[in-house]
Amino acid sequence: MSDAYYDPKDLKNFKKITDWSEPLGTRFFEYYSKVFEEGALSAREKSLIALAVSHVVKCPYCIDAYTKDGLQRGITEEEMMEAVHAGAAIESGATLVHAVQMMNKHKKLSH
């Protein structure tokens, strides 16, 4: 048994989600594959976006997968870290902008 809740070996079993719901699992993987095809954005750009989002949603499986994918696409350490910082900045900003709601509520309740 693993000492950690997250087991990196589980990533290779992701495809098994279709075992319990074949129609939905199949549709998900069709959609997922289509999203990451070359389009208006390159597969390389999409990989960087996925890496940044993986950090924002805190998915260790996704972080592993898109770090590996990025390396295979020639994405540099600097590009990866910059993408992660872009995601972190948006996540931080989204948290902080809600302070306006707090400030408005405080003003309403304290005056």
Original post:
What ranking do THR18, THR76 get, fewest neighbouring Cβ atoms within 10 angstrom at the top?
Top reply: THR76, THR18
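Considering only the other residues whose Cβ falls under 15 Å of the Cβ of ASP3, what net charge follows from Lys and Arg at +1 and Asp and Glu at -1? Don't jump to the answer; show the numbers that get you there.
Working: positive: LYS9; negative: ASP7, ASP10.
Combined, the nearby Lys, Arg, Asp and Glu give -1.
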Subject >> Three-way shape call for the stretch 42-111 based on the alpha-carbon gyration tensor, with the a/c threshold at 1.5 >> reply: prolate
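So, R0 is 35 Å and r is the distance between the beta-carbons of LYS68 and LYS105; what FRET efficiency does that work out to, to 0.05?
0.20
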**OP:** Collect residues whose amide H, placed 1.01 Å from N in the peptide plane, falls under 5 Å from the amide H of ARG73; neighbours closer than 5 in sequence don't count.
**Re:** none
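For the chain, what does the helix formula give at 222 nm: sum of -39500 (n - 2.57) over DSSP H segments with n ≥ 4, over the residue count, nearest 500 deg cm²/dmol? Show your work: numbers first, answer last.
Values: 5 runs with 74 residues, N = 111.
Mean residue ellipticity, 222 nm, calculated: -22000 deg cm²/dmol.
Name the shape class, rounded, prolate or oblate, that the alpha-carbon gyration tensor gives for the stretch 1-62, where a ≥ b ≥ c are the square roots of its eigenvalues, rounded holds for a/c under 1.5, and otherwise prolate holds if a/b is larger than b/c and oblate otherwise.
Details: a/c = 2.89, a/b = 1.23, b/c = 2.34.
Verdict is oblate for the stretch 1-62.
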**OP:** Quote to one decimal, in nm, the extra length available between GLU37 and ILE90 on full extension: 0.36 nm per residue of separation minus the C-alpha distance between them.
**Re:** 16.6 nm
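Read-outs throughout are calculated quantities, based only on the coordinates presented, and are distinct from any laboratory measurement. Nothing here was measured: the structure is a model prediction, and the numbers come from that model. Positions of Cβ are generated from backbone atoms using ideal geometry, with glycine treated the same way; all protein chains shown enter the neighbour counts.
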